[in-house]
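Notes to accompany the following structure.
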Amino acid sequence: MCLSARPALAFDPLERVVVAGAGDAVAWARTIPGFGWFAEIYALFLAGGSLRRAAWLGSATALDDFVAWPDFSLGYAPAGGADTVLLLVCRPGQGVAPTADDRRVFELLRLAHEARRIPLVDVVLVDGRRWCSMAAR
């Protein structure tokens with residue numbers, strides 16, 4: 001069964017959606033019409049290897065925005081909590097190779113999430129059909 005993810009402030013799946021890593025996260029997000037072709041960020045909150053909540057952080061948000069407020073995404077955590085969070089960062093036309101700034105922001109975000117006890121497991125950069133897991137680098 002394929003659950004339809006819709007761009008909304010938050011999507012809490014009614015059935016189990018297994019997300020074991022970046023590939024599963026991107027595969028699930030591809031059910032969102034136009035995913036990867038528009039500048040936007042999703043925060044996926046995971047518990048027990050499953051998607052608990054997907055929060056759409058907006059079309060005007062970029063990874064660099066998190067430098068000023070690195071725990072912004074945690075405000076969308078589900079009430080029952082989550083084990084980890086994974087960010088999907090769509091930036092069409094910019095490629096998927098992480099820049100030095102991307103790596104710096106990724107490390108700052110990891111620290112901020114650790115402090116809030118919801119570890120950031122990955123930031124996945126998406127450009128159209130291509131994607132790159134920053135945790136794998």
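A few points about this structure:
- With respect to the conditions (1) aromatic (Phe, Trp, Tyr); (2) under 16 Å from Phe11 (Cβ atoms); (3) touching a helix residue (DSSP H, G or I) at 6+ places or on another chain (Cβ under 8 Å), Tyr76 lacks only one, and its number is (3).
- Every condition in (1) under 20 Å from Met134 (Cα atoms); (2) in contact with a Gly (Cβ under 8 Å, 6 or more places away or on another chain) is met by Gly49 except one, and the failing one is (2).
- Every residue from the stretch 95-105 that is under 16 Å from the mean Cα position of the chain (by Cα) and either at positive phi or without any contact (Cβ under 8 Å) to a residue 40 or more places away in the chain (or both): Val96, Pro98, Asp102, Arg103
- Enumeration of residues in the stretch 72-94 that are among the aliphatic types (A, V, I, L, M) and over 14 Å from the mean Cα position of the chain (by Cα): Ala79
Each reported figure results from applying straightforward, stated rules to the coordinates on display, with no laboratory input. A quick note: this is a predicted structure, and the numbers were derived from the prediction, not measured. Positions of Cβ are backbone-derived with ideal geometry, glycine not excepted, and every protein chain shown enters the neighbour counts.
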